[in-house]
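Please read the structure below before turning to the comments.
The values are calculated or read from the model by the stated rules, or taken from the named source; none is laboratory data. Remember, predicted model here, so these are calculated numbers, not experimental data. Here the Cβ positions follow ideal geometry from the backbone for every residue, glycine too, while neighbour counts run over all protein chains shown.
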Amino acid sequence: MTTAWSETHWKNTVIALSTALVAVIIGLLVVLFMDEHQSDCMPTTLSKTVTNQQISSNELAMAHQRIQELEKKLTSTIELEASETTWSTMLRNYGKLRAQLTPESVTINLGETELKFAQGKATLPTTVSTGVLAILATILQQQPELRVLLQGHTDNVGDNESNQILSLERAEAVKKALIKLGISPDHLHTEGMGETQPLVPNDSAMGRTQNRRVEVHLIFPN
């Protein structure tokens, strides 16, 4: 059973219960009206009418209370199922990005395969925003309390100063793309690490490819 179906089912149930409550109220009002009318025409039955009115009022109050309890319970169930669905979707998105969890943060490595930067450039292709960055934006929208640190990294080709500048520019490019996807700039921070933190040795083409990346650190609030 899907959550969407469950939510519709519960809402329909609430509507049905509300309809039943209205029917009960109408029925009791009819009884009250008839009792009141009879009391005007037949004073000798006044005490019996008052008793019936008291019983009907008690029944009405009990029915109304019961309906409120059921509606509250059903609403809580809908909210719980929606919350479980949100977490399930978020965990799937973390899996798609091959996220690494630590006690303080979640780290996501976005390499050349995902970001597709041209060699020596910091311009993102437009297709990237509809791929991994769209998934990342969804996670950030689901967890707005997270602080995001975007760290740019390069290989050791070129001089240190140029690599540091390039790494920062690439981190800034990812930040701008996330802002366009609806993420507040107040939550996004950037750093350029240059070639100082390689994942693997830079002694092969494959190694240098792995080291050219933007790391996304999703930091939990204290």
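Worth a mention:
- Residue count for region 85-108, restricted to those that are at pLDDT below 80 and in a helix (DSSP H, G or I): 7.
- The set of residues in region 98-127 that are among the aliphatic types (A, V, I, L, M), surrounded by 12 or more Cβ atoms within 10 Å (Cβ to Cβ) and in contact with a strand residue (DSSP E or B) (Cβ under 9 Å, 6 or more places away or on another chain) comprises 99, 106, 108, 110, 115, 122.
- Scanning region 199-222 for residues being touching a helix residue (DSSP H, G or I) at 6+ places or on another chain (Cβ under 7 Å) and under 14 Å from residue 110 (Cα atoms) gives a total of 5.
- Exclusive hit being assigned by TED's automatic domain parsing to the domain that holds residue 113, of a type in the set (A, V, I, L, M) and modelled with pLDDT under 95, set 174, 214, 157: 157
- Residues of region 165-196 satisfying the condition of being in a loop (DSSP other than H, G, I, E, B) and exposed (fewer than 13 other Cβ atoms within 10 Å of the Cβ): 182, 184
- Residue within region 143-155 that is within 20 Å of residue 92 (Cβ to Cβ) and of a type in the set (S, T, N, Q) present: yes
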